[in-house]
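Trainee: Sharing a structure here in structure tokens format.
Nothing in this text is a laboratory measurement; each read-out follows from the coordinates by a stated rule. These numbers come from a predicted model, not from an experiment. Note that we place each Cβ from the backbone using ideal geometry, even for glycine, and neighbour counts take in every protein chain shown.
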Amino acid sequence: MGESEWLAREAAEGSTAAFGVLVRRHQSQLRGFLLRMTKGNHALADDLAQETFLEAFRKIAQFGSGSFFGWLAAIAYSRYLMEARKRKLESLDDTAEIPDDAPEPETASLVKLDLERAMARLAPVQRAALTLCFALGLSHEEAAAALNLPLGTLKSHVSRGREKLAAMLGAWRDKVVS
Amino acid sequence: MTIDDLLNKPLASVADDGFSTRVMRRVRAGERRNLFAVAAAAILCTVLALLFVPVQSIGADLNLALVQIAQSAAVSIAVAAVILTLLFEREFIRL
């Protein structure tokens, strides 16, 4: 049993201290994930992260086994979708058009910034799938469970997202990347 | 550097800056609210029960039961046995 899993069991038995350790342990990753989902909106990302942790505490007994962060990400993603629908933040379908104005950075130091810009142009589900599978290191199975998608659909979102990113970043990739 | 290398870069670390404390404060406040709600419900149920329960007849029955217990030979023997056991145990420890 992993340490987070053990802490979750303690929290389910009423230990708020154990839940506090889980919050401290996962806050950075969760807020980072939500920051990317909200395209850099710190206030909204933090609100969503707080609500995610509160819901996680209420439902902690429902956490079975596996990746605790994956379970948190599932709550966070569903909260993000609700908020996005409420605020009409963006189109939630996965057919977002690739814009023509692809970024053209002059130096490699801007690569990260342009990745974020390109990510922001992806459909939310692709942004979430790529972030969970790559930056946060979840397995495809864990990411599919977090996003409530069949495994095949998740893999297709990852693949299409990568292709779109490559197309968006293609304009400068030849300059910066050998 | 490939697209995969870029994507594999971990997300930038987000400083806690009191975030965990704020979350835990809300968690504990929620716990207190729940506790208060349970206590209030328990008190309300007790008050309602006292209003509807025939306290006087229960009191009379209880009195009768206590008198019967006090007059019971079996209970008297059991009490005597307990007292003797305790006394014996005390003496045993002293030795």
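Trainee: Sort chain B into rounded, prolate or oblate with this rule: let a ≥ b ≥ c be the square roots of the eigenvalues of the Cα gyration tensor; rounded if a/c is under 1.5, and if a/c is not under 1.5, prolate when a/b is larger than b/c, oblate otherwise.
Mentor: The shape class here is oblate.
Trainee: Further question: Please work out the Cα center distance from region A:1-75 to region B:1-48, rounded to the nearest Å.
Mentor: 8 Å
Trainee: Determine, for each peptide in B:45-51, A:121-127, the mean count of other beta carbons within 10 angstrom over its residues, then list the peptides with the highest first.
Mentor: A:121-127, B:45-51
Trainee: Taking each residue of A:39-46 in turn, how many C-beta atoms of other protein chains fall within 10 Å of its C-beta, and what is the average?
Mentor: Partner-chain Cβ atoms within 10 Å, mean over residues of A:39-46: 1.
Trainee: Same structure, new question: What does the average come to when, for each residue of peptide A:23-33, you count the partner chain Cβ atoms lying within 10 Å of its Cβ?
Mentor: Whole-number average of other-chain Cβ neighbours for A:23-33 is 5.
Trainee: Then there is this: Which pairs break 25 Å Cα to Cα here: A:LYS88/A:LYS164; A:LYS88/A:LYS155; A:LYS164/B:LYS9; A:LYS39/A:LYS86; A:LYS59/A:LYS88?
Mentor: Check vs 25 Å cut-off fails for A:LYS88/A:LYS155; A:LYS59/A:LYS88.
Trainee: Can you pull the mean other chain C-beta count within 10 Å for peptide A:113-120?
Mentor: Values: counts 0, 1, 4, 1, 0, 2, 2, 0.
Averaged over the peptide's residues, the number is 1.
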